[in-house]
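Asks: Got a structure here, written out as structure tokens. Questions coming.
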Amino acid sequence: MSASDEGNAAPAGYAPHPYVGGRTAALRALAAWRMRWPGAPRVIVLTGNPGSGRTRLVTGFLMMCDPGHRKQLPLDDLDPATVPPDLPAPVVPSPAGRTAAQMLWMISDHLGLNADSDDGIFTELAAREEPVTLVVPDVDQAGPVRAAHEPARVVRDVLKPLAATETVQLLAEVPRELAAELAGALPAGQVQIIDLDAPEWADPKGLVLHAETALTPEAGAPDLPYTTDPAARRALAEALAARADGNRLTVRLAVQSLLLQPAGFDPADASQLPGSVGEVLDLHARRLGADPRTLRLMLAPLAFAEGEGLPVQLWGALASAVAGRDMSRDIADGMLLAAPFIQPVEPSRDEDPDGDGDADEAAEVGGAGSGADGRTLLRLTHPGLAEEIRSGLPDVRDAQTKIAMALLEAVPQQDWSRADPYIRDHLAAHTLDAGLLPQLLTDPGLFAHADPVTMRAAIEAVPLEQLGAPARTYLRTAPLLTRSQAPAELRAAFLESAFVEDGLAPYAEALHTLGFSLPWRTLWSVPLVGVRAVTTGSLPPQDGDGATGDAADPAGHPDGRAAGTAQSPAPATADSAGPAAPASVTTAPGRPVAAFLVPEGTPGSRTVPGPDSDAPEGSGRALLVHDLLRPGYVDADPAQVQLPSAQAQEAAPLGLSRGADYLRVWSRADEEVVAALLSDTPFTGADLSPDGVLVVATARGVTARQILAAAPAPAPTVPAQRTGTADSASSDGLEGDHS
């Protein structure tokens, strides 16, 4: 399908689309695609320059595809060839702010697929009897971090496989630099590129109508000679459209500029009509007697803003940082100067102002809801405007460096719990664009407080070899943080254990000094493979000192520590944090230990006798004994391990509940959860000693945690379980978020 020989305007007698205001040729092609007209392509790639009106066209087309919106449109007045048939609405997965993996699993959930992997999703789609119609708008807005270049990943990992699936009918709106890559994956007969800036699809008459409508008093324009007089209004609209060379954003900003400040504008002076977005900025500043560079410096922080927008409280400081001088007076006196190019934004309900990564969870544990602090966010009116401002700066990386440093200086006493939520959640994105992110990734407080979705996306954009050990630990733990939707305190707890597991004890200890009420203190961790069960108990006293001798661990460490573990602090006592055993609890005297059931032949293990006789060689049952309260294996006969008595277990203050990949420790007194643990690999064993030491085995090894929480703790969201490979690799994306 292509533009007809009649031209691009709607035939006489038909009304233009009330929202699009033109684009007849493109709407005809989209309608033919929707009805699967003979000869129509199965895949359409919609592209164009920033400001060409791609998003507006897709929105107007979707209005006619949605049964509810169709009832509100004058369909009988429109060109019938532009109106799609009355069919069920297509699936519209928005990539805005999402990763490729999130988007893919969102499609899977919407369609009710049972796949447990990315490839499985495409396989299930290919096996469907009925075609699936997908419309993917705003690919250029994909990803939680702009500098991570998520749009390219969406095209490569989502759109190209979807386009190659014969049962998928796809319409995707993508930036021009990615359009050819997407279309090139298919035979010519199956795909069509609609470039809204190409002569074949251009719509100069529609652009004139767009400008003329914006200049009418009905659209909010003040009473001026060129807004109230139809002839003058039409002449100005034609002049604006001709000068803008088909770019709708240029016309839109030009109209906003002259209507907000009509003084000094002469519609007969062609030199006052902009030919680009950049000229709109410069002409507007000069007409108001300001330096165009000052206007661009004022808007620069907004051009770099991440997420939904920049808090107004940070605007002045960041503008001053970029400019290298105090811009507070320029901003205070320059609101009329900036007004045509900015807009306020209310934080969305799913944004978490507390930095906890999940608004619902934050509300559940008593945190304020989104927008409860009355923060106002500002953003530029269009991404194309942000591109223009960034490209006009002499050194983009230097500007981002200055912004990142100013954000860091705005953290009160480097206390992340008191930092503005924008700084906590988006500082990593700014430092990524400045090339400084690896230097930032050494602060455990930032790891715990930052939104794990944006933090993970930023870190994954850095080559792995450039990351230090703490960042690698975070990256390994990030899938668990995003999947659990845990608030900051539980994120800190998960990271505390991960640091101990990776031999980074100082980072784990630092998390205990940052004001968190952590539910546990990780005592030790051993990277032992093949553990099938664990239990806690004690060894009888020896030599009158209540302890047995240590043995070298399987890795040969003389101090008994396993490879990759860290020396842990002394366990909690009755004088420190953590529940103490009541007087009624009788604990066997001797040395507290944990025993691991491991495959026979594991270094340092001892074969376990069978129930009726000694186990024959190769029975596969062997035990390792490890100190319960500190790192180090114990050279002892497993038969000497004494389990807690039934009386001690019943009198213990805490109980344990276990699922496939989650554990809950609860208070027997009130049955409230005091600690919740998730794992990205299934648990193979778990036990809780009467004194509150939780020993857990997974495919990675065994870890012991002293439960500290004396009050109920918020439990992370436990998503519906699905089979398949656990998310443990940093490159797997944010697939856990689809839950």
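The values are calculated or read from the model by the stated rules, or taken from the named source; none is laboratory data. Note that the structure is predicted; figures quoted are calculated from it, not measured. Please note: Cβ atoms are built from the backbone with ideal geometry, for glycine as well, and neighbour counts cover all protein chains shown. These area figures cover heavy atoms from the full protein model, side chains too; ligands, DNA and RNA do not enter into them. Shrake-Rupley method; radii C 1.70, N 1.55, O 1.52, S 1.80 Å.
Asks: How much area per residue is accessible in region 73-159 when the probe is 1.4 Å and only protein heavy atoms are counted (Å²)? Walk me through the numbers before you get to the answer.
Replies: Details: 3700 Å² over 87 residues.
Per-residue accessible area for region 73-159 comes out at 43 Å².
Asks: In a shell of Cβ-Cβ distance under 14 Å around PRO217, excluding PRO217 itself, what net charge do Lys and Arg (+1) and Asp and Glu (-1) give?
Replies: -3
Asks: Please pull out the direction-averaged projected area of region 89-154, using the convex hull of its alpha-carbon atoms, in nm² to one decimal place. All intermediate terms of the calculation are to be shown ahead of the outcome.
Replies: Details: hull surface 18.3 nm².
Average projection, Cα convex hull of region 89-154: 4.6 nm².
Asks: In nm, to one decimal, how far is the modelled label at MET35 from the one at HIS149, with both set 7 Å along Cα→Cβ?
Replies: 4.2 nm
Asks: Return the sequence-ordered ³J(HN,Hα) values of region 201-206 in whole Hz as given by the Karplus equation 6.51 cos²θ - 1.76 cosθ + 1.60 applied to θ = phi - 60°, using x for Gly and Pro.
Replies: Each residue of region 201-206 in turn: 10, 5, 9, x, 5, x Hz.
Asks: Follow-up. By how many nm would the segment from THR513 to ALA270 lengthen if fully extended, with 0.36 nm per residue of separation less the alpha-carbon distance?
Replies: Numbers: separation 243, 0.36 × 243 = 87.48 nm, distance 6.54 nm.
That pair, THR513 and ALA270, stretches by 80.9 nm at full extension.
Asks: Given a Förster distance of 60 angstrom, what is the FRET efficiency for SER391 paired with GLU600, based on the Cβ-Cβ distance and rounded to 0.05?
Replies: On the way: r = 66 Å, r/R0 = 1.10.
It comes to 0.35.
Asks: Please give the FRET efficiency for GLN542 paired with ASN114, using the beta carbon to beta carbon distance and R0 = 56 Å, rounded to the nearest 0.05. Kindly include the intermediate steps, with their values, before the conclusion.
Replies: Values: r = 56 Å, r/R0 = 1.01.
Rounded to the nearest 0.05, the efficiency is 0.50.
Asks: What is the dipole size for region 422-536, taken about its Cα centre, with +1 at each Lys and Arg Cβ and -1 at each Asp and Glu Cβ, in debye to the nearest 20?
Replies: On the way: 8 positive and 11 negative charges, 69 e Å.
It comes to approximately 340 debye.
Asks: Stokes-Einstein diffusion coefficient for region 621-698 at 25 °C in a medium of 0.890 mPa s, Rh from the Kirkwood formula over Cα pairs: what value in µm²/s? Walk me through the intermediate numbers first.
Replies: Values: Rh = 14.1 Å.
Estimated diffusion coefficient is 174 µm²/s.
Asks: Within 10 Å of each candidate Cβ there may be at most 16 other Cβ atoms; applying that plus a DSSP loop requirement, which trypsin sites (Lys or Arg not before Pro) in region 623-687 survive? Let's see the in-between values first.
Replies: Values: sites: ARG658, ARG664, ARG668; in loops: ARG668.
Passing sites in region 623-687 are ARG668.
Asks: Dimensions of region 409-518 along principal axes (Cα, Å, largest first)?
Replies: Computed over the Cα atoms, the extents are 33, 31, 26 Å.
Asks: Between ARG668 and GLN439, what is the label-to-label distance in nm when each label sits 7 Å out along the Cα-to-Cβ direction?
Replies: 5.5 nm
Asks: With every protein chain kept in the model, how would you rank MET64, MET405 by accessible area, 1.4 Å probe, largest at the top? Each step should come with its number before you reach the end.
Replies: Numbers: MET64 0, MET405 80 Å².
These residues rank, largest area first, as MET405, MET64.
Asks: If I model a spin label at ARG418 and ALA127 as a point 7 Å from the Cα along the Cα→Cβ vector, what separation in nanometres do I get?
Replies: It works out to 5.8 nm between the two label points.
Asks: How high is the FRET efficiency between ASP77 and GLU218 when r is their beta carbon distance and R₀ equals 25 Å, given to the nearest 0.05?
Replies: Values: r = 18 Å, r/R0 = 0.74.
Efficiency, rounded to the nearest 0.05: 0.85.
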